[in-house]
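This report refers to the structure that appears directly beneath it.
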Amino acid sequence: MAPRVGASLRQMPPAVTGYLDRFSLRNVAGILTGGGVAVLPTDTIYGLHCAASNLDAVEMIRRLKGRGAGGGFILLASDMSMVDSVVARWPDASRERCAEIWPAPLTAILPARRAYPSVLSPKGRVAVRVPASEHLRALIAIVGEPIVSTSANISGRNPMTRIADIRRAFPGLDAYVSKRGRPPGSPSTIVDFTRPAPRLVRAGIYPWAAA
């Protein structure tokens, strides 16, 4: 789905809280499709999330983090078919390799479709993964498009691991969804598949060297 340039954020009811489970999925999906920003647990760390097509929400997240305009964001997809919708082409055997790995906390950098703006696809590349969390994949499937995911922190600072700390740092968002137990302390592993040989960009929770 192509991004809606200029789509406006609408007023939301009081913030949704609790856990991401089968009871809350549709509530949280409605927030994201309505242009809201949600704090959600992923298969790695807590993140700020919005629908990828809503560029006003994407810009809001960028401002909240104090992030420069040149940096991109990770997109989370529900399955390989949704990844195909954002990828222009799969270099060499990259699709087969990713299909063997996903769902997993490994983010792949791949050539982006032209419909995606530079804030989501800097230098014509997109960072995308199919997360290991079953509930998160179900949420994305209900939203019907990839969602933006970026660590819950001010740029340059460590990601926050407690929902109470995140709420204090980023007040007034539309949902603060907790994880049962502490989330992992490491982000996803990022691998660049646009090169002839895949290159590790960021070491993370997925053991790329053992892949």
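The values are calculated or read from the model by the stated rules, or taken from the named source; none is laboratory data. Note that the structure is predicted; figures quoted are calculated from it, not measured. For neighbour counting, all protein chains shown are included, and Cβ atoms are generated from backbone atoms with ideal geometry for every residue, glycine included.
Between residues in segment 17-44 that are more than 13 Å from Ile140 (Cα to Cα) and without any contact (Cβ under 8 Å) to a residue 60 or more places away in the chain and residues that are among the basic types (Lys, Arg) and part of a strand (DSSP E or B), which pairs lie under 8 Å by C-beta distance while being six or more apart or on different chains?
Short answer, once both residue conditions are applied: none.
Taking Val83 and the conditions (1) part of a loop (DSSP other than H, G, I, E, B); (2) farther than 28 Å from Ala15 by Cα, which numbered condition does it fall short on, given that it satisfies the others?
With (1) part of a loop (DSSP other than H, G, I, E, B); (2) farther than 28 Å from Ala15 by Cα applied to Val83, the lone miss is (1).
Please work out which one of (1) free of Cβ contacts under 8 Å to residues at least 40 places away in the same chain; (2) within 22 Å of Ala51 (Cα to Cα); (3) of a type in the set (S, T, N, Q) is the condition Asn158 fails and give its number.
Here Asn158 clears every test but (2).
Spot the failing condition for Pro131; the list is (1) surrounded by fewer than 24 Cβ atoms within 10 Å (Cβ to Cβ); (2) at negative phi; (3) assigned to a loop (DSSP other than H, G, I, E, B), and only one is missed.
(1)
Results for (1) of a type in the set (Asp, Glu); (2) surrounded by fewer than 17 Cβ atoms within 10 Å (Cβ to Cβ); (3) at pLDDT below 95; (4) more than 17 Å from the chain's Cα centre (by Cα), shown as yes or no for each residue.
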{"position": "Ala7", "(1), (2), (3), (4)": "no, yes, yes, yes"}
{"position": "Gly18", "(1), (2), (3), (4)": "no, yes, yes, yes"}
{"position": "Ser24", "(1), (2), (3), (4)": "no, no, yes, yes"}
{"position": "Ala29", "(1), (2), (3), (4)": "no, no, no, no"}
{"position": "His49", "(1), (2), (3), (4)": "no, no, no, no"}
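Regarding segment 137-148, can at least one residue be identified that is loosely packed, with under 15 Cβ neighbours inside 10 Å and among the basic types (Lys, Arg)?
Scanning segment 137-148 turns up no residue that is loosely packed, with under 15 Cβ neighbours inside 10 Å and among the basic types (Lys, Arg).
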